[in-house]
Every structure is written in structure tokens, then in C-alpha cells.
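*Asks:* Following this message is one structure expressed as C-alpha cells.
The values are calculated or read from the model by the stated rules, or taken from the named source; none is laboratory data. Given the structure is predicted, the values throughout are model-derived calculations rather than measurements. Positions of Cβ are backbone-derived with ideal geometry, glycine not excepted, and every protein chain shown enters the neighbour counts.
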Amino acid sequence: MSDNKSIDKRAILKRIAVVAGILVLVLIGWFLRGLVTSSGKPAGGAAAGMMAAQSGTPQVEVGKVEKRPSKPPKEYVGHVEAIESVNLKAQVDGYIEKVHFEEGSIVEKGDLLFTVEQDRYKANVELREANLDKAKANLVRAEKYLRRLRNADEKSVARADMDTAESDMLGAKATVEQAKAELKTAKINLGYTEIRAPITGKIGKAFFTEGNYVSPSSGMLAKVVQLDPIRVVFSMTDRQFIEYNRAGMNSEESIFQTRLRLPNGSVYSDFGEWDFVDNQINPGTASIAVWKRFDNEDRVLLPGCYVTVLMRRQDIEEVPMVPQEAVLTDKEGNYVFIVDEEQVVKQRRVQLGVQSEGYRVVEFGLSGGETVITRGVQKVTPGQKVEIMNFGQQGDGEK
């Protein structure tokens, strides 16, 4: 009996093993089916993608071997400043009737920006005009009376009356001049009720809006800054200034070229022109401030922004330079991968010099104009054909 029971157990275990094997095969089939897309192609995954990339034409990014100045430019920290900047303030007191501009817009010189209530200032002008008319009438009367006394017989006119008439005439003249001055002041105050843009530039936030009471003590109503042109100030040491000055740094035919690197790393297109140099050395830092003016039509440069000033001589020899990321090294030295017109890879041994602005000087091996692989170098071998992904789309580096 015990032997029969053990046989039955072994049979049951065999059946369970068979069923489990079948289930495993079914699961493997489902898994393999999941790796196939509806079109019958592999579904992907990192391994599948790598296999597909290896089986096809490698995709690479390239850069040009450019001729650039052999020496890197001198770099200075520059600060962007507005050439003209105006804080608008009220010259008379009253309620703001209207704000005529849109905050952040460009305003032209003479544009009406704020209007302060005008009624009482217009009334004051009318009052001063009336006072002037009255003063003129008194002057005419005094002049006629004096003329009558002068035409009369001297014996019939007392000297005291003549003196009084002359004095009244002079007083009437003074009253007329006073009335004219008061009328002029009233008109000036009336003009101050219209606050206009004194320069062309960009206006910022309006600190007072319609209905607010303002006066000369209210502070700034708004600010207008000139953006085009604009200037950049930077400092150089006294020794550098002497060297640059001897070489005609700020002359019309200066051999120095100045460009700006913006905070995002791009290089500003305009070279600008020299504005002026400070009139004294800062004794604390042994440096002198230099200002340069730039066109800013696109308003990329804003006051308060910090930039890097790149300054170099224009007469420096230009040499071939290759992007740093294109350079590879093995036991025999440095080399790059070149792509020819048929997009076939070739290896080129190079001898390199100093590094400048992300580029390496090429002393031997490249002449300029060659197309080198900058990304994807690990996927290619000499003689292999590649697909260029960014040909003709290189950035504007500093030159």
C-alpha cells in the first residue's frame, strides 16, 4: 500500500511539472509577441535601438575648421548703461487727469505722457492776462497825464505835481512788467500740467495713475531710458590703458576690435565705436573706466545688464582653429575625423596649439574650411559613410 501511494505522488508531481512547463512556454510566447509591433518590426527598447543604429548609417554633427585670430581676446566685465535716462516728476500740484502712454512702450521725444488738472491753471492765466491789461491801461493814463503837464506852461504847473506824474508813469511801467512776468509764470505752470517725454526711449512703470494727487514732492512719476544707441562701460588696468593708448585705442583708425559676449553665451553682432575714456585713474584699483557705444536697434542690450567685453587687435594673424569637441587622442597623438563631399569619414592627424574660446589652434594638419565631426565620433570609423544632421547650421561664434 505504501508503495502504491508513493507511485501516485510521483505521477502527480510529473503532471504538475508538465503543466508548469506549458505555462512557461505560453508566457515566453506572449513576451516574444510583445516585442513585435503591429507592422511586424521590432518594438524597440535601448538594445533594439542600438542594433538599428549600428546596422544603418551613423548620424553625426559637424563643425567647420575656421580661420580665427591666433591669440584669444582680452576679456573685461562690462556694464550696460543708458546714454540718457530721465526721471519724470511733477512741477505743479494737482490730480492726474490722464495717463497717455502704455507701460513698457517706446515713446518719442515730445510725446504727451501725463496730464495734470488744468482748470485752475487756465483760470490763473486768464487772471494774469486781465491784470496785464489793467496795468497797461494805467500806464497809458499816467503817460497822457505826464505829457499834458509837460505841454502846459511851466509857471502853471507845480514842480511837485510834475515829480508825482513822472513817478506815477514809472510805477505804471513797472506794474506792466510785473504783470507780464506773472502772466509768463502762469503760462509756464499751465504748460507743466502736460508732462511730455524729454527724450526718445523706453518708458517703464507708471508710479502714479489717473486720479492720484501729485506735487513736486511726490517723487518719480515714471522713468524713460534711451536704448538705441546704448553704451557699455568697463575698466582696464593702468598698464593696459597705456599699451592700448599708444596703439591708438580710441582713435578713428583704431586697430582694436571690441565685441560683447552676452549672458547666454552668444556674441553680439555690433562692434560698436569708442565713446570716451575717463579723465583719471582710480587710485584704489589702479584702473580706468572706458565707455563704448553700440547700436541697439533690436534692444537686446538693456541698462543694468552685465556682459563680457572681448577686445583684441585686428592685425593678429589668423590660423585654422578646430572645435575642441572634435579633437580625439590615441597613443600616436591627436586626430580628427573629416567628412568629405560624399559624406565619407577620413582620419586626419593634427598638431594642436593653444585653446581659445572653445577652439584649438591647428599648427599642422588642417588648412581651414574642412568639415569635422563634433558629435557622434564614437560611432564612426575611417571609410564609413555618415549622415550629417546639422550641416550649415553652425552657431555664430566669436571671431
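*Asks:* Within region 329-361, which residues are outside any strand (DSSP E or B) and either closer than 16 Å to LYS67 by Cβ or among the aliphatic types (A, V, I, L, M) (or both)?
*Replies:* GLU357, GLY358
*Asks:* Hey, does region 367-376 have a residue that's polar (S, T, N, Q) and in contact with a helix residue (DSSP H, G or I) (Cβ under 9 Å, 6 or more places away or on another chain)?
*Replies:* yes
*Asks:* Output the number of the condition that ILE188 fails; it satisfies all remaining conditions of (1) without any contact (Cβ under 8 Å) to a residue 40 or more places away in the chain; (2) farther than 30 Å from GLN226 by Cα; (3) of a type in the set (A, V, I, L, M, F, W, C).
*Replies:* So the condition that ILE188 fails would be (2).
*Asks:* Do we find that ASN334 is outside the structural domain of GLN240 (by TED's automatic domain parsing), polar (S, T, N, Q) and either loosely packed, with under 15 Cβ neighbours inside 10 Å or without any contact (Cβ under 8 Å) to a residue 24 or more places away in the chain (or both) in this structure?
*Replies:* Criteria met by ASN334.
*Asks:* Being part of a strand (DSSP E or B) and within 29 Å of the chain's Cα centre (by Cα) is the requirement here; does ILE288 meet it? Break it down into steps so the answer makes sense when it comes.
*Replies:* Values: part of a strand (DSSP E or B): yes; within 29 Å of the chain's Cα centre (by Cα): yes.
Answer is yes for this residue.
*Asks:* Further, regarding this structure: Please find, within region 352-374, the residue that is modelled with the lowest pLDDT out of those that are of a type in the set (A, V, I, L, M, F, W, C) and within 39 Å of the chain's Cα centre (by Cα).
*Replies:* Residue satisfying both the conditions and the ranking: VAL354.
*Asks:* As an exercise: evaluate PHE271 against (1) surrounded by fewer than 17 Cβ atoms within 10 Å (Cβ to Cβ); (2) touching a residue at least 24 places away in the same chain (Cβ under 8 Å); (3) of a type outside the set (D, E, K, R) and give the number of the one condition it does not meet.
*Replies:* Looking at each condition in turn, PHE271 falls short on (2).
*Asks:* Out of region 92-137, which residues are part of a loop (DSSP other than H, G, I, E, B) and within 30 Å of ARG231 (Cα to Cα)?
*Replies:* The initial filter retains those residues of region 92-137 that are part of a loop (DSSP other than H, G, I, E, B), namely 92-93, 100-105, 108-111, 117-118.
Answer for region 92-137, where residues must be part of a loop (DSSP other than H, G, I, E, B) and within 30 Å of ARG231 (Cα to Cα): HIS100, PHE101, GLU102, GLU103, GLY104, SER105, GLU108, LYS109, GLY110, ASP111.
*Asks:* Across region 338-351, which residue is farthest from ALA326 (Cα to Cα) among those that are at pLDDT 85 or above and within 40 Å of the chain's Cα centre (by Cα)?
*Replies:* Applying the filter and picking the extreme gives ASP340.
*Asks:* A further question follows. Going through region 292-304 one residue at a time, which ones are closer than 16 Å to THR258 by Cβ and surrounded by fewer than 17 Cβ atoms within 10 Å (Cβ to Cβ)?
*Replies:* ARG293, ASP295
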